[in-house]
Amino acid sequence: MRKLLLAGNWKMNKNVAESVELAQTLVEKLKGITDKDILICPTFTALSEVSKVIKGTNIALGAQNMYFEKNGAFTGEISPDMLKSAGCSHVILGHSERRQIFNETDEMVNKKALLALEEGLIPVVCIGETLEQREAGEALGVVETQLRGSLNNIVGDDILKVIVAYEPVWAIGTGKTATPVEAEEVHAYIRKIFSDIFGSKNAEIIRILYGGSVKPDNSAELMGQKDIDGALIGGAALKAEAFEQIIKVAK
Ligand code: 13P
């Protein structure tokens with residue numbers, strides 16, 4: 001049985017003080033939950049302080065991005081070692097906002113994933129089609145290309161550390177969620193492709209999260225799907241009550 005993972009992507013929201021306050025509230029509200037994994041991903045500048053707040057609790061810390069080099073003259077970039085030293089165990093890679101606004105390619109996401117694994121960070125690799133691609137009947141093909149490209153050359157047991165997040169771009173921040181049936185269709189397909197590349201045993205173990213307008217009132221049904229193993233939550237993760245509800249109703 002795969003354990004559900006509920007992850008909050010805070011995106012470019014909340015300064016250090018606001019992040020600490022939200023983390024403190026979450027520690028209180030979510031304590032005692034052990035049957036699900038919980039992850040929060042604040043902005044870079046808040047990571048260290050938030051890490052102190054959640055230390056020793058059931059909440060893990062992730063970053064929203066990193067660079068694919070270990071160090072050097074890369075002004076403005078962040079290395080995996082820096083993230084680890086700030087308390088991170090996870091890092092989101094290839095979010096559609098990174099792909100669309102900052103032109104990240106599968107090749108870049110792949111380099112990042114390989115380095116994250118080498119450095120001991122758990123990559124949460126995001127994939128998902130745009131509305132145009134979905135309407136053109138290309139959703140599964142796009143997702144397959146992104147999955148294969150982003151996970152290229154990952155060998156051995158490392159693949160078991162990877163978390164995949166399926167986030168249809170048209171459902172992000174729009175209030176328009178994929179129906180549980182639509183989401184499950186793509187999740188099952190991702191697991192099948194994963195199985196083709198990495199073997200059926202590994203495919204049964206890895207977790208595939210759904211992201212895109214997950215809210216307290218749709219969490220239970222989405223999370224109840226066979227191949228949906230958790231959620232990557234944007235807007236609703238910025239409100240402690242909503243995030244708590246999404247986690248509590250997820251089964
Ligand atoms: P929303 O939950 O705000 O739609 O964002 C989803 C997302 O992009 C999480 O990474």
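The values are calculated or read from the model by the stated rules, or taken from the named source; none is laboratory data. Worth saying up front: this structure is predicted, and the values here are computed from it rather than measured. Here the Cβ is made from the backbone with ideal geometry for all residues, glycine too, and neighbour counts use every protein chain on show. Accessible surface areas use protein heavy atoms only, side chains included; no ligands, DNA or RNA. Shrake-Rupley method; radii C 1.70, N 1.55, O 1.52, S 1.80 Å.
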Exercise. Looking at the stretch 66-89, which of its residues are open to solvent by 20 Å² or more (accessible area, probe 1.4 Å), closer than 18 Å to residue 45 by Cβ and in contact (Cβ under 8 Å) with a residue 40 or more places away in the chain?
Worked result: 67, 87
For this session: Quick one: which residue in 146, 245 is among the polar types (S, T, N, Q) and away from the ligand (no atom under 14 Å from the Cβ)?
Result: 146
Exercise. Just one of the numbered conditions (1) out of contact with any helix residue (DSSP H, G or I) (no Cβ under 7 Å at 6 or more places or on another chain); (2) of a type in the set (Val, Ile, Thr); (3) within 14 Å of residue 144 (Cα to Cα) is not true of residue 164; which one?
Worked result: (1)
Exercise. Condition test on residue 178, is it closer than 30 Å to residue 23 by Cα, within 16 Å of the ligand (Cβ to nearest atom), touching a Leu at 6+ places or on another chain (Cβ under 7 Å) and among the aliphatic types (A, V, I, L, M)?
Worked result: no
For this session: Restricting attention to the stretch 90-121, report how many residues are open to solvent by 20 Å² or more (accessible area, probe 1.4 Å), within 16 Å of the ligand (Cβ to nearest atom) and among the charged types (D, E, K, R).
Result: 3
Seminar exercise, completed: So the helices (runs of 4 or more DSSP H) completely within the stretch 122-221 holding 1 or more residues that are open to solvent by less than 10 Å² (accessible area, probe 1.4 Å) are 139-150, 180-198, 200-205
Problem set entry | Condition broken by residue 57, with the remaining ones in (1) open to solvent by less than 60 Å² (accessible area, probe 1.4 Å); (2) within 20 Å of residue 161 (Cβ to Cβ) satisfied | (2)
Exercise. Between a first residue in the stretch 209-229 that is farther than 14 Å from residue 176 by Cβ and in contact (Cβ under 8 Å) with a residue 24 or more places away in the chain and a second residue that is acidic (Asp, Glu) and within 16 Å of the ligand (Cβ to nearest atom), which pairs have beta carbons less than 7 Å apart while being 6 or more apart in sequence or on different chains?
Worked result: 209/229
